[in-house]
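S.K.: Structure provided below as structure tokens; questions to follow.
The values are calculated or read from the model by the stated rules, or taken from the named source; none is laboratory data. Every value quoted in this text rests on a predicted model; they were computed, and no experiment measured them. Note: ideal-geometry Cβ built from the backbone for every residue, glycine included; neighbour counts use all protein chains shown. Just so you know, the surface numbers come from the protein's heavy atoms only, side chains and all, with ligands and any DNA or RNA stripped out. Shrake-Rupley method; radii C 1.70, N 1.55, O 1.52, S 1.80 Å.
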Amino acid sequence: ELRQIDGRIRQACAGHGQIVGVTGDAGVGKSRLVAEAIRLANLHGMTGYGGQSHSYGTNTSYLVWWGIWQAFFRLDPEAPPEEQARELEGRLAHIDPELVVRLPLLAAVTRVAIPDNELTQSFDAKLRKSSLEALLVDCLRARAKEGPLFLVLEDCHWMDPLSRDLLEATARD
């Protein structure tokens with residue numbers, strides 16, 4: 001399994017996106033295998049982000065992604081909300097200034113309170129979801145141009161439906 005994962009990491013480093021799923025019964029060593037995969041990814045110079053689902057979070061939208069996006073945008077969870085929002089806006093502008101108008105959508109995945117603006121307040125739930133997914137994929141794509149990325153989502157069997165949809169959107173792209 002580790003050789004297969006190493007092969008996938010090498011393909012990803014060559015610009016060919018990969019997805020690896022690790023499944024198995026409790027106690028068979030999944031966490032240890034993932035830890036080794038992370039070590040290999042680091043050896044290959046990949047930047048990694050991780051999140052974990054929890055049994056109590058099956059109805060909490062994007063729970064598995066919160067830590068990933070907070071780390072991706074280098075947010076300090078101890079900073080005041082206004083400062084986090086400014087940092088998030090600056091990081092989004094650095095990726096692409098045209099994305100800033102959709103900044104309020106990131107509140108769902110970063111836990112940063114950002115009030116809707118003139119554009120986002122008119123979004124219905126379906127448009128909000130698809131626009132958020134597209135925004136996040138754009139952010140990942142832009143960051144991947146700087147170097148290969150490694151995302152780890154653990155305990156996906158407890159993932160909420162919106163998190164699963166985001167995972168699928170990311171995987172498709």
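S.K.: At a 1.4 Å probe, what is the % contribution of carbon and sulfur to the accessible area of segment 1-159?
M.R.: Details: 4710 of 9410 Å².
Solvent-exposed carbon and sulfur of segment 1-159 make up 50 percent of the total.
S.K.: How far, in degrees from 0 to 90, does helix 2-13 lean away from the longest principal axis of the Cα atoms of the chain, to the nearest 10?
M.R.: In the chain, helix 2-13 runs at an angle near 40 degrees to the longest axis.
S.K.: How far is helix 81-95 tilted off the main Cα axis of the chain, in degrees rounded to 10, range 0 to 90?
M.R.: Roughly 70 degrees, rounded to the nearest 10.
S.K.: To continue, here is another question. With everything on Cα atoms, drop me the angle between helix 63-72 and the longest principal axis of the chain, reported from 0 to 90° to the nearest 10.
M.R.: 80
S.K.: Using protein chains only and a probe of 1.4 angstrom, how many square angstrom of His54 are accessible, to the nearest 10?
M.R.: 60
S.K.: Where nothing but the Cβ of Lys and Arg (+1) and of Asp and Glu (-1) is charged, how large is the charge dipole of the chain around its Cα centre, in debye to the nearest 20? Write down the numbers at each step before the final one.
M.R.: Working: 19 positive and 24 negative charges, 119 e Å.
Computed charge dipole of the chain: roughly 560 debye.
S.K.: Counting only C-alpha contacts under 8 Å and six or more residues apart, can you give the relative contact order of segment 1-154 as a whole percent? Walk me through the numbers before you get to the answer.
M.R.: Working: 153 pairs, mean separation 42.3, N = 154.
Once divided by the residue count of segment 1-154, the mean separation gives 27 percent.
S.K.: Mind checking the log10 I(q)/I(0) for segment 2-121 at q = 0.10, 0.22 Å⁻¹? Debye, one equal scatterer per Cα, no solvent, two decimals.
M.R.: -0.43, -1.22
S.K.: Given Cβ point charges of +1 (Lys, Arg) and -1 (Asp, Glu) and nothing else, what value in debye, to the nearest 20, does the dipole of segment 1-84 about its Cα centre take? Before the final figure, lay out each step's value.
M.R.: Values: 7 positive and 8 negative charges, 99 e Å.
My answer is approximately 480 debye.
S.K.: Which residues' amide hydrogens lie under 5 Å from the amide hydrogen of Tyr49, considering only partners 5 or more residues apart or on another chain, with H built in the peptide plane?
M.R.: Here Phe150, Leu151, Val152 satisfy the definition.
S.K.: Length gain on complete extension for the stretch Arg91 to Arg10, per 0.36 nm per residue less the alpha carbon to alpha carbon distance?
M.R.: Between Arg91 and Arg10, full extension yields an extra 26.3 nm.
S.K.: In Å², what does the accessible area per residue of the chain work out to with a 1.4 Å probe?
M.R.: 59
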